[in-house]
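Okay, structure first, notes after.
The values are calculated or read from the model by the stated rules, or taken from the named source; none is laboratory data. Note that the structure is predicted; figures quoted are calculated from it, not measured. Heads up, the Cβs are rebuilt from the backbone with ideal geometry, glycines too, and the neighbour counts pull from every protein chain shown. For accessibility, only protein heavy atoms count, side chains too; no ligands or nucleic acids. Shrake-Rupley method; radii C 1.70, N 1.55, O 1.52, S 1.80 Å.
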Amino acid sequence: MNKNVFHNFSYGVYLVSSLDGERPTGCIANSAMQITSTPATIAISINHDNFTNSCIRQSGQFAVSILSQNTSPDLIGQFGFQSGKDVNKFETIPFQTKLGLPIPSNCCGYVICNVINIMETSTHTVFLGEVIDGDVMSNEIPMTYSYYHQVIKGKSPKTAPTYIDEDSISSDKHWVCNVCGYIYDGTTPFKELPDAYRCPICKVTKENFIYK
């Protein structure tokens, strides 16, 4: 099977947030869609290993924030490649609280949902949520998953539904971040990276890059 066919599906880039008790947490997701309009329902897919998964189960609520093309790579790195078990992800991110759930201040818009059904796959949970609130936050252009890959040069975490092992589809060698998979495309010789270089997605230093 040629897994590249999945790249032709349309995806966005979203921050799915919930609560760990009273502490806000969340993760980056690309699989979110509207199922019905009346009543409005949303489906999201979250990996079993993501801490946000268990938080949604316990709280019975989640929010989906639509990220814009101007979203800082810091936010994507923090929410996409770190665990809420170990890090207070919202500590350095400006956010508002809507019906008790955290919403990043610079998103395009958000919806807040109560979980009404759950479906399990071998690796992911599909949460079906009834929308209880939502609003447009800005007129910025929403980020698509294609934009994230082609312009920002970001990669999918291994817990993402769309993750594909790049080594299995490409024979070209690059400096690749061993944490998040970001491919460095700078102009320096392949045998070296700038000494102060940090991954723009997950912020690790150049020692975490592998030439492969």
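Provide the FRET efficiency to the nearest 0.05 for the Glu91-Asn117 pair, computing r from the beta carbons and using R0 = 25 Å.
Efficiency for this residue pair is about 0.15.
I'd like the accessible area for Lys85: 1.4 Å probe, protein heavy atoms, all chains in place, Å² to the nearest 10.
Around 140 Å² of this residue is reachable by solvent.
With all protein chains present, how much of the accessible area of segment 23-111 (probe radius 1.4 Å) comes from carbon and sulfur, to the nearest whole percent?
50
Stretch Val126-Ala196 to full length: gain in nm at 0.36 nm per residue minus the Cα-Cα span?
21.1 nm
Excluding ligands and nucleic acids, what accessible area in Å² is computed for Cys108 using a 1.4 Å probe, to the nearest 10?
Approximately 10 Å² of Cys108 is accessible to the 1.4 Å probe.
Hey, if we sort Phe9, Phe79 by accessible area with the 1.4 Å probe, largest down, what's the order?
Ranking Phe9, Phe79 by accessible area, largest first, yields Phe9, Phe79.
Over segment 12-72, with the other protein chains present, what is the accessible area per residue in square angstrom, probe 1.4 angstrom?
About 39 Å² of surface per residue is accessible.
Leaving ligands, DNA and RNA out of it, work out the accessible area of Leu193 with a 1.4 Å probe and give it in Å² to the nearest 10.
10
Taking 0.36 nm per intervening residue step and subtracting the Cα-Cα distance, what contour gain separates Leu99 from Arg57 on full extension?
Length difference between fully extended and current span is 13.4 nm.
Test of understanding: extend the Cα→C-beta vector of Met1 to 7 Å, then name every residue of segment 43-79 with backbone N under 19 Å from that spot.
Counting backbone N atoms under 19 Å from the label point, the list is 45-48.
Quick one: ranking Ser18, Ser122, Ser37 by accessible area, 1.4 Å probe, largest first, what do you get?
So, going from the largest accessible area down, we get Ser122, Ser37, Ser18.
Going by average Cβ neighbours within 10 Å, how do the peptides 22-31, 41-50, 136-145 rank, with the highest at the top?
22-31, 41-50, 136-145
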